[in-house]
Amino acid sequence: MVMKKNLLFSLSLLLMVLFTSSQTTPAPSPSSTPTDIIRILKKAGGFTTLIRLLTTTQVSTQINAQLLNSNNGLTVFAPNDNAFQSLKPGFLNSLNDQQKNELIQFHVLPTFVSISNFDTLSNPVRTQAGDDPDRLALNITSSGNQVNLTTGVVNTTVGGSVYSDHQLAIYQVDKVLLPRDFFVPKPPPPAPAPAKAKASSAKKSTEGPSSAADNDSAAISLNGIWLSLSVATIAAVFSL
């Protein structure tokens, strides 16, 4: 009898363990980890300056958020450290925060483009910096597996694929893509509209002389009255 009770207890305990295990949520698989462009570039190596700019401009945060919330994907042209070192000394330090942001956004296309599909793009290609055809133009041509990039300031080619997962494509370039916006003089601001004459000022200027004329007329009238009174008084005295 005791053995039966122990057997039933053991079976009950085993069933409870199995039931609890079946209700446990399975751990997420490694493939569900969100894409992190900084992690990818660090793993690839040789992109220290680009990583710093992506971080300080917060473009990396923007890119990661876009990858989570959009189905269009993104394409990034990644200049390596040698590309940044070949810039004119002090160039990056001469840029303000807005220009640094524009520079990094100029290296990002708002869609995923595989290495074999660059010939399907229409020039100038729109980047995340904007689509001004004069100041932010990026032209891309391809021949076989060679992809050429030109900005009107810089000409370079895609050096190879750093990363691709059908949502994010990162391609290495050996030169920093400099937009013409940094070198073309800005158009002068529109001239301010001529200031309108204030009504009150015009009124004052109009009323000023007439008021003075009225005062002179009043003074003349008063003098005439006093003169008449004086003449009348003298006449009265002589008549006595």
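Among (1) farther than 18 Å from Ile63 by Cα; (2) more than 25 Å from the chain's Cα centre (by Cα); (3) among the small types (Gly, Ala, Ser); (4) loosely packed, with under 14 Cβ neighbours inside 10 Å, which single condition is Ser114 missing?
Single failed check for Ser114: (1).
Test of understanding: among Asn101, Asn82, which residue is at pLDDT 95 or above and surrounded by fewer than 14 Cβ atoms within 10 Å (Cβ to Cβ)?
Values: Asn101 fails: surrounded by fewer than 14 Cβ atoms within 10 Å (Cβ to Cβ).
The unique qualifying residue is Asn82.
How many residues does region 67-94 contain that are in contact (Cβ under 8 Å) with a residue 40 or more places away in the chain and either in a loop (DSSP other than H, G, I, E, B) or not hydrophobic (A, V, I, L, M, F, W, C) (or both)?
8
May I ask you to verify whether Leu103 is among the aliphatic types (A, V, I, L, M), assigned to a helix (DSSP H, G or I) and touching a Pro at 6+ places or on another chain (Cβ under 8 Å)?
Details: among the aliphatic types (A, V, I, L, M): yes; assigned to a helix (DSSP H, G or I): yes; touching a Pro at 6+ places or on another chain (Cβ under 8 Å): yes.
The answer is yes for Leu103.
Taking region 106-128 on its own, how many of its residues are of a type outside the set (A, V, I, L, M, F, W, C) and part of a strand (DSSP E or B)?
Of the residues in that region, 1 qualify.
List, please: which pairs have Cβ atoms under 6 Å, are six or more places apart or on different chains, and start with a residue in region 46-65 that is closer than 17 Å to Gln85 by Cβ and end with one that is in a helix (DSSP H, G or I)?
From residues that are closer than 17 Å to Gln85 by Cβ, the pairs are Gly46/Asp81; Phe47/Leu41; Thr48/Asp81; Thr49/Asp81; Thr49/Phe84; Ile51/Ile38; Ile51/Leu41; Leu53/Ile104.
Restricting region 47-70 to residues that are among the small types (Gly, Ala, Ser) and surrounded by fewer than 17 Cβ atoms within 10 Å (Cβ to Cβ), which is nearest to the chain's Cα centre (by Cα)?
Ala65
The values are calculated or read from the model by the stated rules, or taken from the named source; none is laboratory data. Remember, predicted model here, so these are calculated numbers, not experimental data. Cβ sites come from the backbone with ideal geometry, for glycine too, and all protein chains shown count toward neighbours.
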